[in-house]
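The structure under discussion appears below in the form of structure tokens.
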Amino acid sequence: MPKGSDLMVAALENEGVDRIFGVPGEENLDMVESLRNSSIKLVLTRHEQSAAFMAATYGRLTGKPGVCLTTLGPGALNLTTGAAYALLGAMPMVMITGQKGIMKSRQAGFQIVDVVTAFKPLTKMARQIVSTATIPTLVRDAFRIAMEERPGPVLLELPEDIAGEEAEAIAMVPVHPIEIPVAHRASLDRAADMIMKAKRPLIMLGAAASRPRSTAGINGFVRRTKIPFFTTQMGKGTAAGGSNLYMGTAALSERDYVHEAVDRADLIIAVGHDTIEKPPFIMGPKGPQVIHVSYTPATVEQVYFPQCEVVGDVGPSLELLADRIESRLPNAGALLPLREGILRSISDRNTENRFPPTPQRIVHDVRQVIPEDGIIALDNGMYKIWFARNYRTYVANTVLLDNALATMGAGLPSAMMAAILYPQRRVMAVCGDGGFMMNSQEMETAVRLKLNLVILILEDSAYGMIRWKQAVDEFPDFGLTFGNPDFVKYAESYGAKGSRVTAADGLIPTLEAAFKGGGVHLVVVPVDYSENIRVLVDELRAKVKPVAEPAE
Ligand SMILES: Cc1ncc(C[n+]2csc(CCOP(=O)(O)OP(=O)(O)O)c2C)c(N)n1
Ligand SMILES: [Mg+2]
């Protein structure tokens with residue numbers, strides 16, 4: 001006779017789950033035993049937070065929920081940041097947590113936290129499983145909810161007595177494909193009319209444009225309309241940035257070079273914009289009109305209130321929109337003359353030979369060693385603005401960054417997930433010395449899994465981004481510096497390799513050798529952050545007043 005945990009694992013197999021990330025506790029032991037007898041691999045991590053970051057990244061990259069597993073109380077609560085990461089970032093994820101038995105209580109209140117309630121504001125659904133009979137339907141529902149637009153995390157709590165209880169063999173709920181409806185004809189006609197009347201149209205590609213299902217239709221729309229485009233931080237790569245229509249990425253909310261185009265546009269077609277991102281531009285009473293094209297209606301904010309909405313499956317809806325306007329847009333390229341100036345300003349001084357290198361030089365050098373389909377996964381720190389702004393992308397989802405929760409600590413786990421999914425591609429985690437140390441213990445997991453992965457650490461011995469903001473706000477320099485371990489020895493102690501860059505022209509050969517050598521290789525490079533003030537404050541302030549805002 002099957003037990004509850006067997007049904008749970010069968011239901012996960014029914015969903016096509018191949019891996020579960022996590023740290024089991026004694027309340028999960030039935031589940032672990034059922035997994036041992038299944039086709040699903042249990043991938044142990046060294047902290048539940050990284051299990052959640054990995055599962056969420058699986059969801060982000062595949063469109064199907066990633067799954068993570070923890071025990072009750074302390075283990076479950078370690079998932080909170082990962083849940084918020086998936087919720088804000090719209091990444092499908094299923095979390096399975098243990099709990100003490102619910103039919104008898106022989107340990108009183110020991111370790112018991114109301115996990116389901118704690119996760120209500122961090123999930124699309126959080127439910128306790130109270131009977132084995134409901135497992136197949138609850139799991140099916142959990143996966144549907146996690147996946148459907150707007151995607152996000154769900155939590156199922158499996159108490160240990162339900163997991164261990166003998167159960168009737170119950171049939172699984174078959175999985176079938178679900179198509180998303182295409183936008184209504186009236187909204188397409190209205191949008192087409194606005195675009196044909198626009199004098200200076202511009203496309204913006206936002207976070208939802210990066211969904212694996214959207215990218216083909218978006219590329220077609222850009223190619224057929226020939227309207228120039230810019231991206232948000234999380235929309236990078238959705239249409240080939242190598243194209244001659246790419247105008248830049250909005251890493252700041254205003255007054256960066258890309259905003260020269262934004263400010264002059266009279267119409268912005270915002271494809272997949274999700275207002276969880278730090279605003280890529282600020283709408284005002286006088287600014288450009290906005291057409292919101294996405295899977296779900298716009299969220300109206302003080303800074304975003306579109307005048308027209310095209311709601312439906314983004315790729316096919318854009319195809320229908322392109323059918324209406326292709327070859328009927330005499331002004332499509334009106335903003336293109338600004339392109340060269342914007343891109344030139346951004347690549348300014350990116351081969352300068354000073355040591356320690358500037359962020360611009362580091363971005364430039366990283367691009368040299370990452371092929372077009374290679375993936376970089378950024379943690380959160382000052383360098384994220386530089387990479388978002390300066391790093392050109394050619395393929396969707398090749399820059400994994402978090403401009404939603406913007407949490408530190410996700411860089412390494414998200415890179416590890418990418419390395420698992422794409423073993424043939426070069427994958428690099430880019431971390432600050434602060435953010436890396438928040439989940440550096442996962443080096444052991446990466447080594448154990450025999451991943452090919454380069455970890456680049458930018459060392460300034462400080463929480464540099466906050467130190468920058470402190471200086472911008474004219475506070476004295478205080479309280480934001482720290483010491484670091486010897487990163488090379490630290491890597492070696494995990495059985496990884498480690499290298500330190502010691503000259504301006506040393507980064508490219510060190511990274512190249514690290515990729516060629518294979519395995520897990522940590523490369524540490526000191527960074528000269530004086531450019532943060534020179535470019536992102538002084539230069540942009542001189543260009544247009546007042547000062548630029550930091551990214552979070
Ligand atoms: C978990 C978490 N804690 C704090 C912050 C606030 N924060 C944003 S960037 C940053 C500093 C990052 O330092 P580091 O990783 O060394 O990168 P750097 O800016 O120095 O390049 C901090 C503390 C955050 N975003 N996430
Ligand atoms: Mg730092």
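Every number here is computed from the coordinates shown, using simple stated rules; none is lab data. Just so it is clear, the model here is predicted, and its values are computed rather than measured. Glycine also receives a Cβ, built like all others from the backbone with ideal geometry; neighbour counts cover every protein chain displayed.
Scanning the range 354-385 for residues that are without any contact (Cβ under 8 Å) to a residue 60 or more places away in the chain, closer than 20 Å to residue 535 by Cβ and within 14 Å of ligand 2 (Cβ to nearest atom) yields one hit, 378. Among the residues of the range 356-377, just one is surrounded by 24 or more Cβ atoms within 10 Å (Cβ to Cβ) and of a type in the set (Gly, Ala, Ser), namely 377.
Residues being under 28 Å from residue 176 (Cα atoms), in contact with a strand residue (DSSP E or B) (Cβ under 7 Å, 6 or more places away or on another chain) and not charged (D, E, K, R): count how many of those fall in the range 33-50. The number of residues fulfilling the criteria is 4.
Under the condition of being under 22 Å from residue 440 (Cβ atoms) and either surrounded by fewer than 17 Cβ atoms within 10 Å (Cβ to Cβ) or of a type in the set (Lys, Arg) (or both), the residues counted in the range 457-479 number 3. Annotation note: of 307, 302, the sole residue that is touching a strand residue (DSSP E or B) at 6+ places or on another chain (Cβ under 9 Å), among the polar types (S, T, N, Q), on the phi < 0 side of the Ramachandran plot and surrounded by fewer than 16 Cβ atoms within 10 Å (Cβ to Cβ) is 307. Whenever a residue of the range 426-446 is within 22 Å of residue 44 (Cβ to Cβ) and aliphatic (A, V, I, L, M), its partners that are assigned to a helix (DSSP H, G or I) and within 16 Å of ligand 1 (Cβ to nearest atom), lying with C-beta atoms within less than 6 angstrom and at least six residues away or across chains, give the pairs 427/415; 429/411; 429/412; 429/415. The set of residues in the range 489-506 that are in contact (Cβ under 8 Å) with a residue 24 or more places away in the chain, part of a helix (DSSP H, G or I) and over 20 Å from residue 452 (Cβ atoms) comprises 504, 505. Can you pull out the residues in the range 371-412 that are within 14 Å of ligand 1 (Cβ to nearest atom), under 19 Å from residue 253 (Cβ atoms) and charged (D, E, K, R)? Within the range 371-412, 384, 402 meet the criteria. Exactly one residue out of 538, 486 is more than 16 Å from ligand 1 (Cβ to nearest atom), closer than 30 Å to residue 262 by Cβ, of a type outside the set (A, V, I, L, M, F, W, C) and surrounded by fewer than 16 Cβ atoms within 10 Å (Cβ to Cβ), and it is 538. Every test in (1) farther than 9 Å from residue 396 by Cβ; (2) of a type in the set (S, T, N, Q); (3) touching a strand residue (DSSP E or B) at 6+ places or on another chain (Cβ under 6 Å) is passed by residue 238 save one, and that test is (1). Within the range 114-132, the set of residues being over 28 Å from residue 150 (Cβ atoms) and either of a type in the set (Phe, Trp, Tyr) or surrounded by 14 or more Cβ atoms within 10 Å (Cβ to Cβ) (or both) comprises just one member, 132. Considered as a group, the residues in the range 406-422 that are within 16 Å of ligand 2 (Cβ to nearest atom) and more than 11 Å from the chain's Cα centre (by Cα) include one that is nearest to residue 439 (Cα to Cα), and that residue is 409.
Under the condition of being near ligand 2 (Cβ under 10 Å from one of its atoms), of a type outside the set (Gly, Ala, Ser) and within 18 Å of the chain's Cα centre (by Cα), the residues counted in the range 428-452 number 2. Hey, any hits in the range 21-39 for a residue that's under 23 Å from residue 412 (Cβ atoms) and over 22 Å from the mean Cα position of the chain (by Cα)? Checked the range 21-39: at least one residue is under 23 Å from residue 412 (Cβ atoms) and over 22 Å from the mean Cα position of the chain (by Cα).
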